[in-house]
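**Student:** Structure incoming, see below.
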Amino acid sequence: MAASVWNRCVTAAVKVKYFSPSFTVRRCLLSAAYTDTKVWEAREKDPQNLASLANLMDRTYDRNLPVSSLTVSRFIDNITSAEEVDQAEYYLYKFRHSPNCWYLRDWTIHSWIRQCLKYGRREKALHTLQNKVQYGVFLDDFTFNLLIDSYIKDQDYKSACAVVDEVMIQEAFELPSTQILSLYALGHFLATKPQLTMSGERTLGASLLICGLTNNTTIGLSAQFMGNALLGKVEMQNGIHAVFKGLPLHWAHGYLGRALAVMEKVTAGTGDARLTKDALELMGDVLDDLSSESESSGDNTEGEEEKKDETVDEEDEAERAKLPQYVARFKELRSQLESTGKIEAASLQTLMSALAQTELSSAEGPDVERYQQQVQRWEAERVALIQREKEMKESAEQEKRKRLAASAAAQ
C-alpha cells in the first residue's frame, strides 16, 4: 500500500517538472501542522520534581533494584532546560543497562526526541539514536520524520543523512513521507560533492538502495542505481564482507553488476522511467577510480603479490576480475540510454525538490491522523501504568501495616 502511494506521488511530481518548464523549485519541508506540538502537549500533565526523581533512581540503582519505566518517562516529560536534557541522557543509559531495559516505552523515546529538539540538544538525539544499543532509542516513522526535517530546515544535510542511515538500518521506509524526506536529504547531500570515507560510501549507498527499492520511477531507479554503484565500489576495494556486515543488505557478490542490471531495466523498459545524469556520472566516476586503482596495483612486486594471495578471498578476486567487463557494459548501456532519450537531465536533488514541493503535504495527512491515534494509545497505556503503580503502592502499604501490627501483637 505504502509503495503504491509512493509511486503515485513520484509520478505526479515528475509530470509537474516535465510539463511545467517554468516551475521554480523551492525548499519544501514538513508543514506546521505536522510539526505542531499541540497534540503532544495536550496530554494530561504529571508534574514531578526532577531532583527527587534523580535521587530516587540513584538510590534504587545503588540497592541493585530496577527503576520503573514510568519513573524514566516522568523524568523526561518534566525536562525544562538543556542541562536537564544532558542529565536525562545519563538515566536513559542507566535504564538500558538495567534489568528493566526491555520496558522503555515508545512514548518515552518520542518525548526524549521532542525534548532534545525543544531545548537545542539535537546532537544528543542523534547520538543516542546512533548508539541505540546503549540507550534503547529506536524511533517510529513519525519521530524519524521530525528529526530529519529539523536538520533539513537548517540545511544540515550531512546530519539529516545520518538520521536516514538509521532509518535504513531499521528498514523503516514504509511511509511515503519518510521516503520523500530521506531521498530529499540524500539528494541534497550528494549535490554538495562530499568527500566520503569507505564507511560513508557504504552507508550512503545502502540508504539510497533501500530507500529507492520499492518503486520503479526515475527517482527510485536512480537511487537504486547510485546505491548499488557506491556499494560496488566498497565491494571491489574491500571485499563483500565490508559491504553487508551490520546492514540489511544482500551478502552475494556483484553490486556493480546489480547497478548495470538497473541500467538494463531502464533501457528495456517501455515506460517513462529514466536514469538521472548525475547518477550515470557517479557510476562513471566509480568505474574510473576502480580502473585507476587496478592499474596501479599491477605494479606490485612479486613478493607483495605472494603476500596478498595469502589473505585475499578468492570470490572477491573473481569479482574484481570482472571490472573490465563492467566498464565495457556500462559504456554500451549508456550509449543506448542516450540514443533512446532515457537520460534525465535533472539531478536527483532537483527531482526530489519537485517531489517534496508537490506531494509531501498530501503524504502528511495520514501520518498526522495515525500519530493522533498513537498518542491516544500511549496515553491509555500510561494511565494504566500509573493506576497499576498506585495499586501496588497501596498493596505494599497494607502489607507493611500488617507486618507492623503482627510484630506489635507478638510483643
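The values are calculated or read from the model by the stated rules, or taken from the named source; none is laboratory data. Note that the structure is predicted; figures quoted are calculated from it, not measured. Neighbour counts are summed over all protein chains in view; Cβ atoms, including those assigned to glycine, are modelled from backbone coordinates with ideal geometry. Note: accessible area is taken over every heavy atom of the protein model, side chains too, but ligands, DNA and RNA are not part of it. Shrake-Rupley method; radii C 1.70, N 1.55, O 1.52, S 1.80 Å.
**Student:** Could you put TYR93, TYR184, TYR326 in order of accessible surface area, largest first, with the 1.4 Å probe and the full protein assembly present?
**Tutor:** Largest to smallest exposure gives the sequence TYR93, TYR326, TYR184.
**Student:** Sticking with this one: Give me the accessible area per residue for the chain, probe 1.4 Å, as a whole number in Å².
**Tutor:** Result: 50 Å² per residue.
**Student:** Taking the Cα centre of the chain as the origin and placing charges on Cβ (Lys, Arg +1; Asp, Glu -1), which of ALA259, ALA279, PHE75 is farthest toward the positive end of the dipole?
**Tutor:** Final value for the positive-end residue is PHE75.
**Student:** Further question: Let me cross-check VAL243: its accessible surface, 1.4 Å probe, with only protein heavy atoms counted, in Å² to the nearest 10?
**Tutor:** Its accessible surface works out to 0 Å², give or take rounding.
**Student:** Hey, another quick one. How large is the accessible surface of LYS402 in square angstrom, using a 1.4 angstrom probe and rounding to the nearest 10?
**Tutor:** The accessible area comes out at roughly 130 Å².
**Student:** Which net charge results when you count Lys and Arg as +1 and Asp and Glu as -1 among the other residues whose beta-carbon is under 12 Å from that of ARG202?
**Tutor:** -1
**Student:** Mind checking which of ALA406, THR197, THR37 is farthest towards the positive end of the chain's charge dipole, using Cβ charges of +1 (Lys, Arg) and -1 (Asp, Glu) about the Cα centre?
**Tutor:** Highest projection toward the positive end goes to ALA406.
**Student:** Kindly identify segment 318-411 as rounded, prolate or oblate by the Cα gyration tensor criterion: order the square roots of the eigenvalues as a ≥ b ≥ c, call it rounded if a/c is under 1.5, otherwise compare a/b with b/c, prolate if a/b is larger, else oblate.
**Tutor:** oblate
**Student:** Could you please put ARG59, ARG74, ARG403 in sequence from largest to smallest accessible area, using a 1.4 Å probe?
**Tutor:** These residues rank, largest area first, as ARG403, ARG59, ARG74.
**Student:** Let me ask something else about it. Please say if segment 148-233 is rounded, prolate or oblate, where rounded means a/c under 1.5 for a ≥ b ≥ c the square roots of the C-alpha gyration tensor eigenvalues, and otherwise the choice is prolate for a/b larger than b/c and oblate otherwise?
**Tutor:** Rounded is the answer for segment 148-233, as its axis ratio a/c remains below 1.5.
**Student:** Round to the nearest 10 and report in Å² the accessible area of LEU29, as given by a 1.4 Å probe over the protein chains' heavy atoms.
**Tutor:** Here the residue's solvent-accessible area equals roughly 30 Å².
**Student:** Considering Cα pairs under 8 angstrom that are at least six residues apart, work out the relative contact order of the chain and quote it in whole percent.
**Tutor:** Across the chain, relative contact order equals 20 percent.
**Student:** Which residues make up the longest stretch of the chain that has no GluC sites (Glu not before Pro) in a DSSP loop with at most 12 other Cβ atoms within 10 Å?
**Tutor:** The longest such stretch corresponds to 172-309.
**Student:** Could you give the size of the charge dipole of segment 305-411 about its Cα centre, using +1 on the Cβ of each K and R and -1 on the Cβ of each D and E, expressed in debye and rounded to the nearest 20?
**Tutor:** In debye, rounded to 20, segment 305-411 gives about 1040.
**Student:** While we're here: Using a simple charge model, +1 on the beta-carbon of Lys and Arg, -1 on the beta-carbon of Asp and Glu, nothing else, what dipole does segment 48-184 show about its Cα centre, in debye to the nearest 20?
**Tutor:** 400
**Student:** Another question, then. Based on a Kirkwood Rh over C-alpha pairs, give the Stokes-Einstein translational diffusion coefficient of segment 364-411 at 4 °C and viscosity 1.567 mPa s in µm²/s.
**Tutor:** 94
**Student:** Using a cut-off of 30 Å between alpha-carbon atoms, which lysines can reach LYS402, once sequence neighbours fewer than 8 places away in the same chain are excluded?
**Tutor:** Straight-line reach from LYS402, under 30 Å: LYS390, LYS393.
**Student:** While we're here: If you roll a 1.4 angstrom probe over the protein chains with everything in place, what fraction of the accessible area of the chain belongs to carbon and sulfur, to the nearest %?
**Tutor:** The nonpolar share, carbon plus sulfur, comes to 50 percent.
**Student:** Do you know the relative contact order of segment 47-203, to the nearest whole percent, from alpha carbon pairs under 8 angstrom that are 6+ apart?
**Tutor:** Relative contact order comes out at 16 percent.
**Student:** Quick one: dipole size for the chain, taken about the Cα centre, charges +1 on Lys/Arg Cβ and -1 on Asp/Glu Cβ, in debye to the nearest 20.
**Tutor:** The dipole of the chain has a size of about 2020 debye.
**Student:** HN-Hα J couplings of segment 113-122 from phi, Karplus 6.51/-1.76/1.60, θ = phi - 60°, integer Hz, Gly and Pro as x?
**Tutor:** The phi angles translate into 5, 4, 5, 4, 5, 5, 10, x, 10, 4 Hz.
**Student:** From the protein chains alone at 1.4 Å, what is the descending order of accessible area for MET392, MET168, largest first?
**Tutor:** Heavy-atom accessible area, descending, gives MET392, MET168.
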